[in-house]
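To start, the structure under review is shown below, and the notes come after it.
The values are calculated or read from the model by the stated rules, or taken from the named source; none is laboratory data. Treat the numbers as computed from the prediction; the structure is a model and nothing was measured. A quick note on method: Cβ atoms are made from the backbone with ideal geometry, for glycine too, and the neighbour counts reach across all protein chains shown. We work out accessible area using only protein heavy atoms, side chains counted, and drop any ligands, DNA or RNA first. Shrake-Rupley method; radii C 1.70, N 1.55, O 1.52, S 1.80 Å.
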Amino acid sequence: MNKEKLSKILTFAVVIAMGVLIAIFGTDAIDIYLGVVACVAGVVVLADTIYLLTRKEKLVATPFIVSLVLIAIGITLFADYISFELFVKILVVVILGTGVGLLCYGIYLLAHKETSGGILNAVMGVVALVLAILYMAVPDFSKAFWIIVGIVIAVYGALGLVFTIADKSSK
């Protein structure tokens, strides 16, 4: 088995595990994952910056700032000071506003006799509005949403794993 195929197998195994964890724990699993990724990325950038310092190269402030911001984000995710749920809430509000905008634009197009574009925009606006309102107003919907997202991610990982293992062309 070559390195590329092994790398794909490991990647899809991690995707499957992440999907299962999201389905079970929701955004808490994403917080842990993003916390680990942010800390590791921050440490890698900081280590690279320190290595460049040992080579006596002139540096700008950006790598120091980026590395320590990433580490701070990772730590605050672990400490439950911030959460991926905050990003999701902001995204839901953006979807809500987008839904209203699409609905209004669809009505505008319908008023100007552009039937297909008007119907398409109005329907997409209503769908976005309904999903955003359900996510905000119905607690069980948000739980079901993360279960569905986790299952979809796990199935994606499983399919990728099956196709990678079954692939005979990469020898």
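For region 97-141, what are the residues that are open to solvent by 60 Å² or more (accessible area, probe 1.4 Å) and aromatic (Phe, Trp, Tyr)?
Within region 97-141, Tyr105, Tyr108 qualify.
If the requirement is being in contact with a helix residue (DSSP H, G or I) (Cβ under 7 Å, 6 or more places away or on another chain), free of Cβ contacts under 8 Å to residues at least 24 places away in the same chain and part of a helix (DSSP H, G or I), which of these qualifies: Gly118, Gly150? Break it down stepwise before answering.
Working: Gly150 fails: free of Cβ contacts under 8 Å to residues at least 24 places away in the same chain.
After applying the criteria, what remains is Gly118.
Quick one: count up the residues across region 35-84 that are of a type in the set (Asp, Glu) and surrounded by 15 or more Cβ atoms within 10 Å (Cβ to Cβ). Give the steps one after another, and end with the answer.
Residues of region 35-84 that are of a type in the set (Asp, Glu), as a first pass: 48, 57, 80.
Subsequent filtering for residues that are surrounded by 15 or more Cβ atoms within 10 Å (Cβ to Cβ) retains none.
So the answer is 0.
Would you call Lys89 surrounded by fewer than 17 Cβ atoms within 10 Å (Cβ to Cβ), among the basic types (Lys, Arg) and under 30 Å from Val14 (Cβ atoms)? Steps first, please.
Details: surrounded by fewer than 17 Cβ atoms within 10 Å (Cβ to Cβ): yes; among the basic types (Lys, Arg): yes; under 30 Å from Val14 (Cβ atoms): yes.
For Lys89, the condition - surrounded by fewer than 17 Cβ atoms within 10 Å (Cβ to Cβ), among the basic types (Lys, Arg) and under 30 Å from Val14 (Cβ atoms) - is met.
Could you pull out the residue among Thr54, Thr49, Thr11 that is among the β-branched types (Val, Ile, Thr) and in contact with a Phe, Trp or Tyr (Cβ under 7 Å, 6 or more places away or on another chain)?
Working: Thr54 fails: in contact with a Phe, Trp or Tyr (Cβ under 7 Å, 6 or more places away or on another chain); Thr11 fails: in contact with a Phe, Trp or Tyr (Cβ under 7 Å, 6 or more places away or on another chain).
Being among the β-branched types (Val, Ile, Thr) and in contact with a Phe, Trp or Tyr (Cβ under 7 Å, 6 or more places away or on another chain) holds for just one of Thr54, Thr49, Thr11, which is Thr49.
Report the residue count in region 153-171 for those that are open to solvent by less than 80 Å² (accessible area, probe 1.4 Å) and either without any contact (Cβ under 8 Å) to a residue 60 or more places away in the chain or aromatic (Phe, Trp, Tyr) (or both).
Let us first name the residues in region 153-171 that are open to solvent by less than 80 Å² (accessible area, probe 1.4 Å), namely 153-155, 157-158, 160-161, 164, 166-167, 170.
Narrowing the set further to residues that are either without any contact (Cβ under 8 Å) to a residue 60 or more places away in the chain or aromatic (Phe, Trp, Tyr) (or both) leaves 166.
Result for region 153-171: 1.
Does region 51-91 hold any residues that are among the basic types (Lys, Arg) and over 21 Å from the mean Cα position of the chain (by Cα), and which are they?
Within region 51-91, Arg55, Lys56, Lys58 qualify.
Got a sec? Which helices (runs of 4 or more DSSP H) wholly within region 1-96 have at least 1 residues that are free of Cβ contacts under 8 Å to residues at least 40 places away in the same chain and more than 30 Å from Leu159 (Cα to Cα)?
The qualifying helices (runs of 4 or more DSSP H) are 27-54, 62-78.
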